[in-house]
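Remarks on the structure that follows.
The numbers here are math on the coordinates, done by the rules we state, and not lab data. Note that this is a predicted model, so its numbers are computed, not measured. With ideal geometry, Cβ positions are generated from the backbone for all residues, glycine too; neighbour counts draw on all protein chains shown.
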Amino acid sequence: MFQEQKFNANGVEINFIQASATGQPLVLLHGTASEWQSFSPLIPVFAEKFKVFVLDLRGHGGSSWVSEKYRLFDYAEDIKCFLEKHIGQPCILYGHSLGAQIAIAVASLAPTYVKALVLGDIPFYYHNMTMKDTIWYEPFTELHHVISSFHSAKEIDDYMAEQYPKMDEQRRKNRAVTLSHVDPDVVLTILEDRHIEGYDTDALLRQIACQVLLIQGNPKLGAALNDEDMKYMAERIQNCDIAHMQDIGHGLPSGESLLSVNKFMESV
């Protein structure tokens, strides 16, 4: 069991764990409506060779809620502060989904502290469309309804049990606990496209100076990064490798794709 710690990022309390004590620093950033525990399958693997830190983003897990301050650059400022004041040296920054969007912003704010980026199945639709135009709008609207209407893990679990009777009970209960820790404004900010204020996709991608591994899940299995958006990103990132997860949609890498991630991180 990992000991949770707190870091003050300019007044925002960031919850995190450190999973290992040696190796080059590796910082993991989770996706929307998640928390550090989502990386649990990967932490033991990465901890064998890296000094692993896993953070709860603002508005998630054990970190502070900061209403109406959930732009990608708001999150990125927290991470920049963590890298500068707690890590104090260049690190590998691995972000999944929302965490990958944030990682790109961090690379622009603190380039000397980002040695490499791993971008896990990043939703990158907003270079040419709004949230309302995507397949994600309806499920995010439902998500916002749930966490706005039900405030305890038990209330959320009761609702989910009724709506998703075939869902594994333990998985459902764990998900209910996670959702009870999410500020509803996190999701509303995304639904209204306020999170991308000041986020110039073209300029941000072109100014990334470090090596990048872009991970794409299988679009047929629900991946967030489609082929068009992947091409858009790869054409603009100077040093970009691509790893495909054939058997995984929007999840974390495993098997061959996890080996590719490890190989990339060990090479930088």
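Structure notes:
- Residue list for the range 134-180, restricted to those being of a type in the set (A, V, I, L, M), closer than 30 Å to E228 by Cα and surrounded by fewer than 16 Cβ atoms within 10 Å (Cβ to Cβ): I135
- The range 203-219: number of residues that are in contact with a Pro (Cβ under 9 Å, 6 or more places away or on another chain) and either closer than 17 Å to M265 by Cβ or surrounded by fewer than 15 Cβ atoms within 10 Å (Cβ to Cβ) (or both): 4
- Residue check, G31 on the phi < 0 side of the Ramachandran plot, part of a loop (DSSP other than H, G, I, E, B) and in contact with a His (Cβ under 6 Å, 6 or more places away or on another chain): yes
- Flag: R58 does not match the condition of being closer than 19 Å to R194 by Cα, surrounded by fewer than 19 Cβ atoms within 10 Å (Cβ to Cβ), of a type in the set (D, E, K, R) and touching a helix residue (DSSP H, G or I) at 6+ places or on another chain (Cβ under 6 Å).
- Search result, residues across the range 74-85 that are buried (at least 18 other Cβ atoms within 10 Å of the Cβ) and touching a residue at least 24 places away in the same chain (Cβ under 8 Å): Y75, A76, E77, D78, I79, K80, C81, F82, L83
- Residue in the range 6-23 that is touching a His at 6+ places or on another chain (Cβ under 7 Å) and farther than 17 Å from L117 by Cβ present: yes
- Candidates S38, S67: the one that is outside any loop (DSSP other than H, G, I, E, B), small (G, A, S) and under 30 Å from D193 (Cβ atoms) is S38.
- On the stretch given as the range 235-263, residues that are among the aliphatic types (A, V, I, L, M), closer than 16 Å to A103 by Cα and surrounded by fewer than 19 Cβ atoms within 10 Å (Cβ to Cβ) total 0.
- Enumeration of residues in the range 247-268 that are within 14 Å of E48 (Cβ to Cβ) and in contact (Cβ under 8 Å) with a residue 60 or more places away in the chain: L258, V261, N262, M265, E266
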